[in-house]
Amino acid sequence: MFPVSGEQIKYCKHSRLPTFNIVTAGGGGPFIRGQATDMKDDKTDAFSKLCLRLREIGTLRSVQATLSWDQETMMPAAAAEFRGEEMALLSTLIHRQFTDAELGDLMEAAGEQAELREDPALLADLREIRRDYANACKLPVDLVSELSLASTRGLTAWKQAREESRFEHFRPHLETLLDLNRRKAACLQDGDEGEPYDALLDEYEPGFKGSRVEALFTPLRRELVPLIEDLAGAPDRPDPAIHEQKIDVDRQIRFSREIARAIGYDFDAGRLDISTHPFTEGLAPGDTRITSRFQEAPFADGLGSTMHEAGHALYEQGLPKNEYHGRPLSEAVSLGIHESQSRLWENQVGRSRPFWNWAAPRAGEILGLEDPDPDSVYRAMNLVSPGLIRVESDEATYNLHIMLRFDLERAMLHGELQPADLPAAWNERVLSDLGLTVPDDARGCLQDIHWSMGAIGYFPTYTLGNLYSAQIWEAVRKEMPDLDARMEAGEFEPLLSWLRENIHRHGRRWPAEELGERVTGKRLSHEPLMHYLRGKLRPIYGLSGS
């Protein structure tokens with residue numbers, strides 16, 4: 001299958017590294033002071049001082065992200081326990097820095113500067129800084145440290161449990177992480193109304209509520225299921241033979257690198273490595289790294305994973321990090337928007353006929369594919385077949401995987417489903433939704449990395465990304481009527497430039513849904529995605545109508 005998703009759980013927002021020293025500030029714990037931000041000597045205005053402080057905090061986050069990337073790619077297994085201590089210490093340092101009262105004073109002073117009121121972008125920057133600061137101040141430093149350490153231990157236990165297909169080995173860690181997330185949610189809610197899940201979802205998709213996700217997912221599910229049923233009984237199914245051809249992994253890596261470079265990924269400011277779960281890590285300005293995974297067959301898994309992560313990386317490389325690093329204007333607005341960029345390049349581009357009209361001859365040359373007819377490859381890349389593994393799922397069935405995870409993690413967080421009962425609940429839902437029997441935990445509830453890292457509330461952003469990408473694609477095609485011809489000629493720069501102009505360069509200037517409405521003229525809904533899926537898949541399967 002052509003996978004819909006790599007594991008983009010590691011997206012980070014970081015800065016170029018200034019020189020700093022770690023000292024002790026009174027009873028407040030470790031504190032960073034760069035020479036340029038000595039408040040006794042610096043005569044610059046409050047907002048400039050604030051930005052310099054945020055740059056320093058961004059430096060620590062960059063160090064943390066580098067250690068995290070290493071943990072997933074290069075780190076020896078024996079280093080896991082001490083890495084947990086390193087990550088916990090860094091989390092503590094960052095939290096103390098960002099919740100320091102002096103930073104709050106600088107925000108208040110910056111808000112009084114008259115010149116800020118004349119610059120909407122800087123006002124938006126300050127608005128988001130205040131939002132982040134308020135949320136951080138709600139979390140006790142000991143909880144931040146506990147979460148970091150539990151996540152590192154949970155990740156290590158999950159890897160072993162998944163390898164052995166033994167959920168019971170991971171269950172105690174999941175219980176701990178759920179308990180810590182309940183405490184975190186309670187702190188973030190701070191007595192506000194709403195369900196605990198809302199507070200955690202807000203961390204990944206600011207402003208979203210569980211009820212809003214449910215309102216989007218319900219009609220999507222209602223229309224997806226009959227489409228999948230229609231395709232299953234269609235008279236003209238794509239030939240899957242191309243997925244059975246065994247291709248040397250080194251050839252696949254070469255081909256994937258060529259495709260990533262062609263769509264705009266800057267290898268001078270990044271690199272491609274291999275990991276069990278593909279991800280993108282935006283470490284700092286000039287350093288956005290992606291990983292992928294490859295197997296001899298199907299070759300489309302590795303290519304799809306690479307295009308997915310390259311899409312994330314194009315967003316990271318398009319953010320104005322050199323100008324605003326460490327500040328919200330240099331950061332992605334939400335994971336849903338981030339996912340929209342990876343989905344768009346992987347699916348709307350990578351599964352399209354124009355793309356394969358251009359790419360199929362190259363696939364034949366580099367991969368040695370037998371009879372790489374563009375139309376046959378295009379059809380095969382759009383094969384719809386329910387599967388057990390989310391990251392290997394096709395476009396149509398993928399969102400059913402996300403709805404399953406959204407429902408189960410929400411139920412676990414609220415105590416309606418106990419972790420001990422998760423495997424049975426998971427297996428029952430897969431049978432009901434996909435008609436498949438789960439043979440073991442590794443291909444069931446242990447297949448995803450997210451819960452082991454304490455990421456509760458993350459899963460909905462994948463389908464939100466699909467919804468955003470379809471809506472953005474409609475807008476792109478209206479403004480670029482020659483887009484198909486450009487892609488068929490291997491010209492992807494115009495599309496990338498459009499995305500940079502309309503999405504990437506804005507950072508967090510507007511909330512995600514407002515950004516989406518500004519770009520597309522529509523509020524987020526399920527309809528563009530269903531229009532896109534029907535419009536492509538029904539003709540491929542020989543079905544009339546849309």
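No lab work stands behind these numbers, since they all come straight from the coordinates. The model shown is predicted, which means the values in this text are computed figures rather than measured ones. Every residue, glycine among them, receives a Cβ derived from its backbone with ideal geometry; neighbour counts consider all protein chains shown.
When Rg and the Kirkwood radius Rh are both evaluated on Cα atoms of the range 403-543, their ratio Rg/Rh stands at 1.06.
Using a Förster distance of 60 Å, how high is the FRET efficiency between Asp375 and Leu143, based on the Cβ-Cβ distance and rounded to 0.05? Let's see the in-between values first.
Working: r = 56 Å, r/R0 = 0.93.
Efficiency for this residue pair is about 0.60.
The local environment of Ala185, defined by Cβ-Cβ distances under 14 Å, has a net charge of -3 under the rule Lys, Arg +1 and Asp, Glu -1.
Based on Cα atoms of the range 306-352, Rg over Rh with Rh as the Kirkwood radius reads 1.05.
For the set Lys49/Lys321; Lys321/Lys478; Lys209/Lys536; Lys209/Lys522; Lys478/Lys536, the pairs lying more than 23 angstrom apart at their alpha carbons are Lys321/Lys478; Lys209/Lys536.
Take the Cα radius of gyration of the range 93-205 and divide it by 2.2 N^0.38 Å, N being the number of residues; the result is 1.39.
To the nearest 0.05, what FRET efficiency results for Arg251 and Glu416 with a Förster distance of 45 Å applied to their C-beta separation?
Details: r = 49 Å, r/R0 = 1.08.
Plugging the Cβ-Cβ distance into 1/(1 + (r/R0)^6) gives 0.40.
In whole percents, the pair-distance distribution calculated for the range 250-362 from its alpha-carbon pairs, binned every 10 Å from zero, is 14, 47, 30, 8, 1. Once Rh is set to the Kirkwood radius over Cα pairs, what Stokes-Einstein translational diffusion coefficient, in µm²/s, holds for the range 188-253 at a temperature of 10 °C and a viscosity of 1.306 mPa s? Answer from the Stokes-Einstein relation: 96 µm²/s.
Of the peptides 61-72, 300-311, the ranking by mean beta-carbon count within 10 Å, highest at the top, reads 300-311, 61-72. With R₀ set to 22 Å, the beta-carbon distance separating Arg443 from Ala80 gives a calculated FRET efficiency near 0.35.
Any idea what diffusion coefficient the chain gets from Stokes-Einstein, in µm²/s, Kirkwood Rh on alpha carbon pairs, 37 °C, 0.692 mPa s?
Numbers: Rh = 24.2 Å.
In µm²/s, the coefficient rounds to 136.
For the chain, what proportion of DSSP beta bridges, expressed in % and rounded to the nearest 5, is antiparallel? Before the final figure, lay out the partial values.
Values: 8 of 11 bridges.
Within the chain, antiparallel bridges account for around 75 percent of the total.
If each DSSP helix of 4+ residues adds -39,500 (n - 2.57) and the sum is divided by the residues in the chain, what number results at 222 nm, nearest 500 deg cm²/dmol?
Values: 21 runs with 316 residues, N = 546.
Helix contribution divided over all residues of the chain: -19000 deg cm²/dmol.
As an equivalent ellipsoid, the range 203-297 spans semi-axes of 32, 27, 11 angstrom, where each value is the square root of five times an eigenvalue of the C-alpha gyration tensor, largest first. Computed on the Cα atoms alone, the convex hull of the range 419-481 gives a volume of 130 cubic angstrom per residue. At q = 0.25 Å⁻¹, what base-10 log of I(q)/I(0) does the Debye formula yield for the range 86-145 when every alpha carbon is treated as an equal point scatterer in vacuo? Calculated log10 I(q)/I(0) at the listed q: -0.97. Compared with the rule-of-thumb size 2.2 N^0.38 Å for a compact globular protein, the range 342-443 has a Cα radius of gyration ratio of 1.42. Reducing the range 87-150 and the range 452-471 to their Cα centroids gives an inter-centroid distance of 25 Å. About its Cα centre, the chain has a charge dipole of approximately 420 debye under the convention of +1 per Lys or Arg Cβ and -1 per Asp or Glu Cβ, with nothing else charged.
Size check on the range 244-292: the Cα extents along the three principal axes, sorted descending, read 40, 24, 13 Å. Helix 353-367 versus the longest principal axis of the chain: what is the Cα-based angle in degrees, 0 to 90, to the nearest 10? Relative to the chain, helix 353-367 is tipped by roughly 90 degrees.
For helix 249-263, report the angle its Cα long axis makes with the longest principal axis of the Cα atoms of the chain; keep it between 0 and 90° and round to the nearest 10°. The answer is roughly 70 degrees.
Our estimate of slack between Val225 and Glu118, defined as 0.36 nm per intervening residue step minus the Cα-Cα distance, is 33.5 nm.
Legend: translational diffusion of the range 355-412 by Stokes-Einstein, Rh = Kirkwood radius over C-alpha pairs, 10 °C, 1.306 mPa s; D = 117 µm²/s. Once both axes come from the Cα atoms, what is the angle between helix 460-479 and the longest principal axis of the chain, in degrees from 0 to 90, rounded to 10? Relative to the chain, helix 460-479 is tipped by roughly 70 degrees.
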